[in-house]
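Take a look at the structure below.
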2 protein chains.
Amino acid sequence: MRTALVIGTGLIGTSAAIALAGRGVTVHLRDHDPARASTAAALGAGTDEAPEGPVDLVIVAVPPAHVAATLAEAMGAGLGRGYLDVASVKGGPKRELEALGLDLTAYIGSHPMSGKERSGPLAATADLFEGRPWVLTPTRDTDTEVLNLALELVALCRAVPVVMDADAHDRAVALVSHTPQLVSSMVAARLEEADESAVRLCGQGIRDVTRIAASDPRMWVEILSANPGPVADVLSGVAADLDETVRALRSLQSADEDKRRDGASGVADVLRRGNAGRSRVPGKHGAGPTVYETVAVLISDQPGELARIFADAGRAGVNIEDVRIEHATGQQAGLVQLMVEPSTAPALGAALQERGWALRTS
Amino acid sequence: MRTALVIGTGLIGTSAAIALAGRGVTVHLRDHDPARASTAAALGAGTDEAPEGPVDLVIVAVPPAHVAATLAEAMGAGLGRGYLDVASVKGGPKRELEALGLDLTAYIGSHPMSGKERSGPLAATADLFEGRPWVLTPTRDTDTEVLNLALELVALCRAVPVVMDADAHDRAVALVSHTPQLVSSMVAARLEEADESAVRLCGQGIRDVTRIAASDPRMWVEILSANPGPVADVLSGVAADLDETVRALRSLQSADEDKRRDGASGVADVLRRGNAGRSRVPGKHGAGPTVYETVAVLISDQPGELARIFADAGRAGVNIEDVRIEHATGQQAGLVQLMVEPSTAPALGAALQERGWALRTS
């Protein structure tokens with residue numbers, strides 16, 4: 001790929017443009033708001049001048065609702081050899097393009113699984129896609145040459161290509177992204193009217209479950225509006241489990257021992273299925289979830305405490321895989337949980353104790 | 001408090017005993033399994049010999065289902081001046097005691113909000129309760145002297161006392177602990193039968209939402225069996241929101257523009273209420289959630305990399321409030337997100353860049 005045209009210079013379009021431009025591709029930038037295109041150009045994403053002839057790849061990075069029309073226009077004008085969009089849903093745009101009767105040999109759908117809280121060209125970075133899955137959804141008509149252009153784009157952005165059917169993609173993101181978002185919001189919504197004394201009892205569990213409930217509603221309404229069917233399907237499955245669990249809990253209130261036993265078994269069932277599902281969530285490096293061992297260390301809340309711990313761990317030659325810091329309520333002391341490969345935990349614990357750290361066994 | 005009797009030497013009972021014994025209280029230990037009591041004694045939790053006369057405080061740390069009977073027996077035998085239990089639900093045991101027609105002036109309910117994955121005396125530590133809320137649920141009859149004994153226990157365990165009504169406590173833990181557990185399990189359960197390609201797309205959001213779905217079902221069936229009513233009530237609220245959201249998503253699939261607008265507003269509503277609820281979740285130190293700024297740094301996955309970052313941050317005099325490590329899929333490089341007070345973020349970024357770290361702006 002030597003030339004590209006990015007249409008839509010928001011976070012994703014500009015980030016891809018910066019990555020491509022940084023790796024020697026001549027990138028042209030276009031936006032319905034010319035000021036955004038020049039901002040992107042000023043950030044090193046390419047030039048906001050129009051290309052003189054067809055480019056190798058046209059990258060359409062506009063909101064889902066505008067994807068089909070923008071692609072149709074670009075194809076009609078013959079702007080490129082290949083055309084790709086980056087919208088977070090893939091079935092709808094594909095069907096809209098088919099309905100327009102376009103020749104789709106030069107088109108491939110795609111969805112880079114990257115994002116951040118901020119949007120717009122100023123939030124863009126060349127490394128936005130590094131190591132993240134970038135889903136490619138070729139149609140039955142997509143030319144191999146166009147698939148290869150897309151794979152080259154993904155490689156230049158240092159993402160990991162995953163080829164999927166467009167509708168399978170939409171069902172997958174409904175399952176692993178859109179449903180967790182809505183359910184997190186619903187658990188958090190229960191706290192809106194809660195007593196202050198109840199809220200004081202929040203621990204790490206609810207903190208984790210509701211973290212993404214802080215997301216921007218406007219952005220999520222846009223995402224969910226483009227994928228309502230698959231999300232409703234997954235949520236209906238959750239709703240069935242929820243109704244079943246409420247019934248099981250009501251049975252647990254019964255005076256009848258058989259009913260209580262049924263209730264307990266219903267509750268156990270959903271918890272066990274949760275175990276099974278959770279065990280499938282991939283850990284780091286795309287591998288299966290690694291079981292780390294936790295070495296817990298008490299610290300004071302002074303600058304440099306964490307530095308000392310990590311320095312001491314480094315001296316022991318142990319690689320910290322993950323960290324969780326849990327500060328105690330109402331006081332300055334805190335607990336640092338260091339997750340390490342199980343084989344290295346005893347050495348780390350010993351090394352830290354030797355250097356005067358107070359461990360909390362877990 | 002000079003003497004105490006701990007009945008039930010599991011994780012909680014033994015941890016409290018170790019804390020009390022370490023601070024000069026003479027602690028007697030009792031368990032239906034004498035071997036567990038001697039294990040606890042060997043760990044420095046006190047003596048497994050019976051006290052010669054009434055102790056100052058009898059701490060009943062047996063499973064919820066056995067609390068009332070154990071308390072009744074201890075009271076009948078006149079084992080102490082005051083009696084306290086530590087069960088994770090408070091309304092049921094209280095009502096059972098009332099039904100037994102006991103004099104409850106010497107009784108106070110309590111629930112230390114601490115725990116860990118492992119159970120039993122060997123998992124016990126003196127610092128299990130440090131900085132954590134310890135709920136006290138006096139009855140209308142509880143003597144002030146007994147409340148003060150309980151407050152002394154909480155202080156000796158370095159926990160933070162929170163006085164609540166027993167039923168309010170049960171509703172609160174249903175809201176902030178039991179419901180999030182079940183909902184996390186239900187989201188994870190959806191993954192049990194999912195395609196491998198879908199599971200590959202899991203990101204940090206679903207990872208956080210489903211973390212506690214890995215919890216032990218047996219322990220949770222016990223907890224939920226003791227608090228089914230309040231949990232069913234909160235879950236019913238979630239179920240109503242869920243049904244409403246499924247309806248809103250189905251409206252978004254409609255050809256009718258008015259219906260689609262209603263659907264979008266329904267989805268926006270639950271997301272906004274989620275924002276409001278999430279904003280009430282307390283952050284560290286029991287304060288309102290502090291908004292930290294994130295400084296993101298790219299690292300290689302070598303031992304010592306984190307140590308170097310934290311050392312460099314420490315040299316800049318900046319206190320890292322929280323850390324998130326996000327490893328890239330399929331490669332060794334990773335991203336470390338350092339959460340700091342907003343005022344210190346620029347200095348930290350500059351200091352790290354000066355020392356050669358690659359920042360990723362966010």
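Bear in mind that the values in this text are calculations on the coordinates, not laboratory data. Remember, predicted model here, so these are calculated numbers, not experimental data. FYI the Cβ positions are ideal-geometry reconstructions off the backbone, even for glycines, and counts take in every protein chain you see.
Just a few scattered comments:
- Region B:23-51-region A:1-77 distance, computed between alpha-carbon centres (Å): 72
- Taken about its Cα centre, chain B carries a charge dipole of roughly 760 debye when the Cβ of each Lys and Arg holds +1 and the Cβ of each Asp and Glu holds -1.
- Per-residue mean of C-beta atoms belonging to partner chains within 10 Å, peptide B:237-243: 6
- Beta bridges per DSSP with both ends in chain B, % antiparallel, nearest 5: 50
- Springs join every pair of Cα atoms under 10 Å in this Gaussian network model of chain A, and among A:LEU57, A:LEU191, A:LEU29 the largest mean-square fluctuation is at A:LEU191.
- Looking at region A:126-219, the GluC sites (Glu not before Pro) that sit in a DSSP loop and have at most 15 other Cβ atoms within 10 Å of their own Cβ are A:GLU192, A:GLU193.
- Exam field: B:ALA240 pseudo-label spacings to other copies (7 Å along Cα-Cβ), nanometres: 2.5
- Charge dipole magnitude, Cβ of K and R +1, D and E -1 - the protein assembly as shown, Cα centre, debye nearest 20: 840
- Inter-chain shielding of A:152-161 (mean C-beta neighbours from other protein chains, 10 Å cut-off): 1
- Across the identical copies, how the B:LEU100 labels are spaced - nm, sorted shortest first, 7 Å along Cα→Cβ: 7.6
- With its label point put 7 Å out from Cα toward Cβ, A:SER343 sits 4.8 nm from the same residue's point in the other copies, in order from shortest.
- At most 15 other Cβ within 10 Å, DSSP loop - trypsin sites (Lys or Arg not before Pro), region A:94-139: A:ARG118
- Antiparallel DSSP beta bridges within the protein assembly as shown, as percent of all bridges there, nearest 5: 50
- Leading residue at positive end of dipole, the protein assembly as shown (Cβ point charges), from B:GLY349, B:THR210, B:ALA65: B:GLY349
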